[in-house]
Amino acid sequence: MSSVLSTRADKIVAQFQALSDWEARYKLLIDLGRQAPELADEFKTEENKIRGCQSQVWMRAWLDPNQRVQFEADSDALLVKGLVSILVQVYSNTDPSEILQFPPEFIKQLGFDSNLSPSRTNGLHAMLKQIKNFAIAFHYQLHQKKSH
């Protein structure tokens, strides 16, 4: 399991667990959404839209020259943008195989599964699924290159 991903996830979990109630945690999510960079309009396309989210969420990914997956994402809702920015913070700049081997237990530790509305929880899982799909594609792409 990736210690880099664990360290990033643990840091975010600690940040949320330091807050005493869910009102403060929602405020933090919204603040994270405000602070997150915007995705350029040229990438807010149907192709980059994540299905299964009530709000509009766009995500793009690419492999950098070091074969690390980089993510960018945005949403039209601040709370959701906060959620997706957490995922970008945890999963960006990582080897695709590390992403595939890292169970997203930190989502449960954050309490999102039980404290978000069902539609937001479904959207969060759709975002995680998209990250895994990108990782699968890049992992396959890298291994195809190595075998040729």
Index of the failed condition, Ala61 passing every other in (1) over 24 Å from Ala14 (Cβ atoms); (2) surrounded by fewer than 20 Cβ atoms within 10 Å (Cβ to Cβ): (2)
Test set (1) over 17 Å from Leu29 (Cβ atoms); (2) of a type in the set (Val, Ile, Thr); (3) surrounded by fewer than 21 Cβ atoms within 10 Å (Cβ to Cβ) - Ile99 fails condition number: (3)
Selection within the range 40-61 - under 14 Å from the mean Cα position of the chain (by Cα) and either of a type in the set (A, V, I, L, M) or within 19 Å of Asp95 (Cα to Cα) (or both): Ile50, Val57, Met59, Arg60, Ala61
Residue count for the range 43-91, restricted to those that are polar (S, T, N, Q), touching a helix residue (DSSP H, G or I) at 6+ places or on another chain (Cβ under 9 Å) and not in a strand (DSSP E or B): 6
Unmet requirement for Ser117, which otherwise passes all of (1) closer than 20 Å to Phe16 by Cβ; (2) under 16 Å from the mean Cα position of the chain (by Cα): (2)
Subset of the range 17-41 [over 13 Å from Ile86 (Cα atoms) and among the hydrophobic types (A, V, I, L, M, F, W, C)]: Ala18, Leu19, Trp22, Ala24, Leu39, Ala40
Filter result for Ala137 (under 11 Å from the mean Cα position of the chain (by Cα) and either more than 15 Å from Arg25 (Cβ to Cβ) or hydroxyl-bearing (Ser, Thr, Tyr) (or both)): no
Members of the range 102-111 that are surrounded by fewer than 20 Cβ atoms within 10 Å (Cβ to Cβ) and assigned to a helix (DSSP H, G or I): Glu105, Lys108, Gln109
Positions within the range 98-114 being under 16 Å from the mean Cα position of the chain (by Cα) and not aliphatic (A, V, I, L, M), in sequence order: Glu98, Gln101, Phe102, Pro103, Pro104, Glu105, Phe106, Lys108, Gln109, Gly111, Phe112, Asp113
The range 19-46 residues that are touching a residue at least 40 places away in the same chain (Cβ under 8 Å), paired with ones that are in a loop (DSSP other than H, G, I, E, B) (beta carbon under 9 Å, 6 or more apart): Trp22/Gly111; Arg25/Leu19; Arg25/Gly111; Leu28/Leu19; Gly33/Ala77
Leading residue by the ranking (farthest from His143 (Cα to Cα)) among those in the range 72-94 that are free of Cβ contacts under 8 Å to residues at least 40 places away in the same chain and surrounded by 19 or more Cβ atoms within 10 Å (Cβ to Cβ): Asp74
Filtered residues of the range 1-42 (kept if outside any helix (DSSP H, G or I), of a type in the set (A, V, I, L, M, F, W, C) and out of contact with any strand residue (DSSP E or B) (no Cβ under 7 Å at 6 or more places or on another chain)): Met1, Ala18, Leu19, Ala36, Ala40
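None of the figures in this text is laboratory data; all of them are computed from the coordinates on show. Because the structure is a prediction, the values reported are computed rather than measured. Neighbour counts are summed over all protein chains in view; Cβ atoms, including those assigned to glycine, are modelled from backbone coordinates with ideal geometry.
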